[in-house]
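Taken together, the values in this text are just the output of simple stated rules run on the coordinates, not laboratory data. Given the structure is predicted, the values throughout are model-derived calculations rather than measurements. All Cβ positions, glycine included, derive from the backbone under ideal geometry; neighbour counts span all protein chains shown.
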Amino acid sequence: MTFKININGSSRSIDVDGDTALLWVLRDVLGMTGTKFGCGIAQCGACTVQIDGVATRSCITTIDSIGKSTVTTIEAIGRTPAGENIQRAWLEREVVQCGYCQSGQIMSASALLAANPHPTDADIDDAMAGNICRCGTYPRIRDAIKLAAASGSKQGGRG
């Protein structure tokens, strides 16, 4: 069956079964490999994308559930104010170690800042709870989110 989805600002036609996971559409059909496969049961966060700005696990999101929603992946998150600030802060705080989980971490962190430009530690904990980093870079992730939030405040509320 053919589905039209809005992904990273472009309309794409996809010919797959409706129960195909968005993750596999992105990786196998569209060749967008920035979104990673981790656990396949929405527990690790490696496959996180944003659907209408909400951090969503693509491994359990079927293509037929997308409808007219807008999908944003790691390939385009830097075009958003929150994504740009997060990516800059990630580099400044040297968050990445092995890097495998980082696209999912960035997608969750940028969704948090877009919705809440001044998150508390509890807000950060809640938003990032479903993203596992086997390297344990959690303190650097938290520092980068705080830096990005501060950067957004200095830019006239861009978060």
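Just a few scattered comments:
- Put a plus charge on the Cβ of each Lys and Arg, a minus charge on the Cβ of each Asp and Glu, and nothing anywhere else: the dipole of the chain about its Cα centre is then about 380 debye.
- All Cα pairs of the chain, percent lying beyond 28 Å: 18 percent
- Gain in span if fully extended, LYS146 to ASP52, counting 0.36 nm per residue against the direct Cα distance: 31.5 nm
- Taking Lys and Arg as +1 and Asp and Glu as -1, the other residues whose beta-carbon sits under 14 Å from that of ILE124 total -1.
- Farthest positive-ward along the chain dipole, Cα basis, beta-carbon charges - from CYS101, TRP24, TRP90: TRP90
- Potential lengthening of the chain between MET1 and ALA122 amounts to 39.3 nm, from the contour at 0.36 nm per residue minus the alpha-carbon distance.
- Phi to ³J(HN,Hα) by Karplus 6.51 cos²θ - 1.76 cosθ + 1.60 over the stretch 118-135, Hz, x for Gly, Pro: 10, x, 7, 4, 5, 4, 5, 4, 5, 5, 9, 4, x, 10, 9, 10, 5, 7
- Listed values for the stretch 28-35 are Karplus-derived 3J(HN,Hα) couplings in whole Hz (6.51 cos²θ - 1.76 cosθ + 1.60, θ = phi - 60°), namely 8, 8, 9, x, 9, 8, x, 7, and x replaces Gly and Pro.
- In this label model, ALA129 and THR70 are separated by 2.8 nm, measuring between points 7 Å along each Cα→Cβ vector.
- Potential extension, ASP28-TYR138 segment - 0.36 nm per residue separation minus Cα distance: 36.6 nm
- Residues whose amide H lies under 5 Å from that of ILE7, counting only those 5 or more places away or on a different chain, are ARG12, VAL71; hydrogens are built 1.01 Å from N in the peptide plane.
- Where chymotrypsin sites (Phe, Trp or Tyr not before Pro) fall in DSSP loop in the stretch 5-98, at most 16 other Cβ within 10 Å: PHE37
- Database remark: amide H of THR62 closer than 5 angstrom to the amide H of LEU22 (H placed geometrically; neighbours at sequence offset of 5 or more, or on other chains; Pro and chain starts carry no H).
- The trypsin sites (Lys or Arg not before Pro) of the stretch 100-159 that meet both conditions, a loop assignment by DSSP and at most 12 other Cβ atoms within 10 Å of the site Cβ, are ARG134.
- Computed from the C-beta positions of ASP15 and LYS154, the FRET efficiency with R₀ = 41 Å rounds to 0.35.
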